[in-house]
Each structure stands twice: as structure tokens, then as C-alpha cells.
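Asker: Pasting in a structure now, in C-alpha cells, and then I'll have a few things to ask.
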Amino acid sequence: MKKKTLIALITTTVVLVSALTSILVTGRKTNVNTDKSIQGLNEELSEIMYLGSLAPSSHNIQCWLIELYPEEGKLTVSADPERKLGVVDPHAREQFLSLGCYIRTLEEAFLAYGYNVTYSYDESTDTMNLSFKKISDKIDPNTIARIKKRHTDKRAFDISDSSKNEYVAKLCKNNGCEYYSFDTKEFAIIKKATTDAYIKQAYDEETAAELSNWLRLSNKETKDKKDGLSAEQLGITGIKKVFYYLFTNHENAKGKTFADQGIANTENQLNGCMGFIIVSSGDSKKELVECGIKATDIWLDLTENNISVHPMSYAIEEAEYKTQLPSENPQMLLRVGCVKKYGENNAVRRDLSDYIKVH
Ligand SMILES: Cc1cc2nc3c(=O)[nH]c(=O)nc-3n(C[C@H](O)[C@H](O)[C@H](O)COP(=O)(O)O)c2cc1C
């Protein structure tokens, strides 16, 4: 073989191998390294605060601000005014629901580490005050595992499996919320309202721009920002993730092709659905926080029972579609169903020192 041909062959091989390696690396799950250390906080409390942050929040905005007094066993949780979805959530409805989700998850983390927890909402400051006291040295690994397992599952669920339908109906009845299984007329109404609301939002410039802002479009962006919606958060993994990151940027994510893909994806999700849970409440901030607490309580139970959950807020966010929903004052709409392999939380979460101040 001629020297020139050999060099060309080696160069081509090196280029191909490095391209393949980079594809494989991009397609792998992104592990975000959340820094759990904060001065003044022992390892156990840091771990508890980290587990609390695995709570759901709309667009994964992680909108909580914490003032923590470890010596006194107290902390306050309030909403970060910088972390709000101004377009789809102008009245901070979802922001306060997300705070409720955080409080319930944090409570669960304290319970796992043997603490007793009490909390009360201060309506004059829109702050939740939480007290914690260690009462046992026993750590409950099952509760910790459940917090890490809970996640939003954006895949289409297995509609051939409705074995958990009755369980969900009973759980909702016991918790004072509504459940509409796939065989009810209300299910069809919710499905249509959700599709129509999604289509409206997908083609709305401002909504698309806001979503684009919270999309994380590379492993690097996910690791740097530690919030928002990475490919995994959207249910895009493996080779699909490689192509998604290769061809999507913050500009074309505001365009028609991206909107069309989102609509097709949403229709697919809605076709793969065993039923919808509606959690309702009044509109005051206190009631919204309580509603987020209740929704998370139910979500953790569903997680334990391997029932997948996907909040779909589009119809609630759009007044004309909200009125079509079969509920007085819906705040959270959860698509639920069964899957073959449950999965776990992607744990894209911010460093604790970003939002916790220790006193
Ligand atoms: C109040 C609220 C509203 C949400 N609305 C939607 C939604 O409309 N569509 C969606 O795909 N996910 C929705 N989510 C799920 C979040 O995107 C998800 O919680 C976040 O990305 C963190 O992921 P995790 O739940 O897997 O921890 C919502 C979550 C909350 C708390």
C-alpha cells in the first residue's frame, strides 16, 4: 500500500472512531453533578435538602428559595421571583403549586432520616415555615428510594395494561380528587381540550420562546445550568437524543417544525394513557401550595405502585380550554398509566448553595 493511501486510511479511521465516540457519549444519560455542600450544614441535612430538590416543578424551574436555621431546626420556603414562567404562568399559579411539590418532597426526605416535621403557611409573607426535629436514628431506605424513583414520565404508556385502573380510582377517591379512566366520556373531553390547548401554545410565538429558553440543548448546557428540560426530561434518549441535540437549537426550537413535532409527540402521549387525575383547589397562594402538597402525596403513592405520571398543564393554562375540563377549579392534570420499565429521576438539579442560605 502506498504511503499516501495509508495516511488517508488512518486519518479516516481516526475521524470515524472519534465521531462514533462522540455520538455514543452524547447519547448516554447526562449525569449532573449537583454540589450538595454548604457551609454550616452537616452531611445529613445536605442530603435531606438535596432529596427535597428532586421535587417536580413546571419546566424544572426549581423556583424555591430557602432560609435555613439548622440550630433551631427551622426553615422557610418562598418563591424565587426570578424563576417564574411569565407567559404560561403569569399569576404564579404553577410556581406556587411547585412550591407545594417541593415542601411535600422535603417533608418526605426529613421523614426518611427520622425527623418529625410540622409546617404552616404565613399568608402575610407568602412563606412556608417548616420545623424539623430528629426523633430517631433509623434511616428508611425505601422512602429515600421512592423520592429518587419519582419522575415525570413523558413516554406513551402501555394501554393494553389497565390493571391499576381501580387502584388509581380508589386512591383519588380517598384523597378528594377526580379520576377519569380511558373508558369515560370525560376522558375524551380532557384529551381533546389538552390537544387543542397544546396546539394553540405550540404555534404561539411567546409561549414557544419561553419554552425554548428552558430547553437544555446539549449535555454541556444541562450540566452548566442544572435546571430546565434536557433531552432526558423530555423522554428523548439514546440515538434519538443524539439527533435531537444535533439538529435543535434555541432558534429553531421556536419554529414550525419543532411545534409540529411537539404536537405529534403530545398526541402520541395522549393516546398512550390509562386515565387522567385532576387535583383541584382554590386560587389563593396558600391553597395552591396545599394543592401541590396533595398532588405530590398522590404522585409518591403512584410511584410506589409503579404507575407512571405526567402532568399536562396546557388546558389549565389556557382560559378557553380550562372551562371545558370536567372540574370546578382544576390546578393539576396528571396523565397516568402503566409502563414495562419504570425508570428513575434524571436528577437535573441545581447546587444547594444557589438557593439555600444557612443562618
Ligand atoms: C405544576 C407543574 C406543572 C407541570 N406541567 C407540565 C406540563 O404541562 N407538561 C409536562 O410535560 N410536564 C409538566 N410538569 C412536569 C415538569 O416538567 C417536571 O416536574 C420537571 O421537568 C422535573 O422533572 P421530574 O418531575 O422528572 O423530576 C409540571 C410539573 C409541575 C410541578
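Asker: Spot the failing condition for ASN306; the list is (1) of a type outside the set (Val, Ile, Thr); (2) buried (at least 21 other Cβ atoms within 10 Å of the Cβ); (3) assigned by TED's automatic domain parsing to the domain that holds ALA202, and only one is missed.
Answerer: So ASN306 meets the others, but not (2).
Asker: Based on what the data block shows, is ASP227 in a loop (DSSP other than H, G, I, E, B) and surrounded by 15 or more Cβ atoms within 10 Å (Cβ to Cβ)?
Answerer: Working: in a loop (DSSP other than H, G, I, E, B): yes; surrounded by 15 or more Cβ atoms within 10 Å (Cβ to Cβ): yes.
Against the criterion (in a loop (DSSP other than H, G, I, E, B) and surrounded by 15 or more Cβ atoms within 10 Å (Cβ to Cβ)), ASP227 qualifies.
Asker: Taking the stated definitions as given, is THR237 within 27 Å of LYS149 (Cβ to Cβ), among the polar types (S, T, N, Q) and either within 16 Å of the ligand (Cβ to nearest atom) or at pLDDT 95 or above (or both)?
Answerer: yes
Asker: Now a separate question. Suppose we filter region 66-102 for residues that are buried (at least 21 other Cβ atoms within 10 Å of the Cβ), touching a strand residue (DSSP E or B) at 6+ places or on another chain (Cβ under 6 Å) and under 18 Å from TRP214 (Cα atoms); how many remain?
Answerer: 1
Asker: Then there is this: For region 275-359, please list each of the strands (runs of 3 or more DSSP E) lying entirely inside it that holds at least 3 residues being within 15 Å of the ligand (Cβ to nearest atom). If you could, list the steps in order and put the result at the bottom.
Answerer: Details: elements: 275-280, 308-311, 330-337, 356-358.
Of the strands (runs of 3 or more DSSP E) lying wholly inside region 275-359, those with at least 3 residues that are within 15 Å of the ligand (Cβ to nearest atom) span 275-280, 308-311, 330-337.
Asker: Return the residue satisfying two criteria in turn: it lies in region 201-224 and is within 13 Å of the ligand (Cβ to nearest atom) and either of a type in the set (Phe, Trp, Tyr) or more than 17 Å from the chain's Cα centre (by Cα) (or both), and of such residues it is surrounded by the most Cβ atoms within 10 Å (Cβ to Cβ).
Answerer: As a first pass, look at region 201-224 and keep what is within 13 Å of the ligand (Cβ to nearest atom): 201-202, 207, 210-211, 214-216, 222.
Checking which are either of a type in the set (Phe, Trp, Tyr) or more than 17 Å from the chain's Cα centre (by Cα) (or both) leaves us with 201-202, 207, 214.
Details: GLN201: 24, ALA202: 19, THR207: 20, TRP214: 16.
Filtering region 201-224 for residues that are within 13 Å of the ligand (Cβ to nearest atom) and either of a type in the set (Phe, Trp, Tyr) or more than 17 Å from the chain's Cα centre (by Cα) (or both), the one surrounded by the most Cβ atoms within 10 Å (Cβ to Cβ) comes out as GLN201.
Asker: Show the residue pairs meeting these rules: Cβ distance below 8 Å; 6+ apart or different chains; first residue within region 68-83 and under 14 Å from ASP122 (Cα atoms) and in the same structural domain as PHE96 (by TED's automatic domain parsing); second residue polar (S, T, N, Q) and part of a loop (DSSP other than H, G, I, E, B).
Answerer: SER78/THR125
Asker: How about region 127-182: which of its residues are more than 29 Å from LEU229 (Cβ to Cβ) and of a type in the set (Val, Ile, Thr)?
Answerer: ILE135, ILE139
Asker: Let me ask you something else. State which residue is farthest from ALA264 (Cα to Cα) when the search covers only region 185-215 and only residues that are touching a residue at least 60 places away in the same chain (Cβ under 8 Å) and hydroxyl-bearing (Ser, Thr, Tyr).
Answerer: Top of the filtered list is THR207.
Asker: Oh, and also: Residue under question is TYR113, and the condition is that it be over 18 Å from the mean Cα position of the chain (by Cα) and without any contact (Cβ under 8 Å) to a residue 60 or more places away in the chain; does it hold? It would help to see each step written out before you state the result.
Answerer: On the way: over 18 Å from the mean Cα position of the chain (by Cα): yes; without any contact (Cβ under 8 Å) to a residue 60 or more places away in the chain: no.
Here the answer is no, as TYR113 does not meet what is asked.
Asker: Ok, one more. Residue check, GLY176 against (1) on the phi > 0 side of the Ramachandran plot; (2) within 15 Å of the ligand (Cβ to nearest atom), all met but one. Which one?
Answerer: If we test GLY176 against (1) on the phi > 0 side of the Ramachandran plot; (2) within 15 Å of the ligand (Cβ to nearest atom), just (2) comes out false.
Asker: From the list LYS134, LYS173, exactly one residue is outside the structural domain of LEU325 (by TED's automatic domain parsing) and modelled with pLDDT of 95 or more. Which is it? Outline the logic, then answer.
Answerer: On the way: LYS173 fails: outside the structural domain of LEU325 (by TED's automatic domain parsing).
Matching residue, one of LYS134, LYS173: LYS134.
The values are calculated or read from the model by the stated rules, or taken from the named source; none is laboratory data. This structure is a prediction, so every number in the text was calculated from the model and none was measured. Cβ: placed from backbone, ideal geometry, glycine included. Neighbour counts: every protein chain shown.
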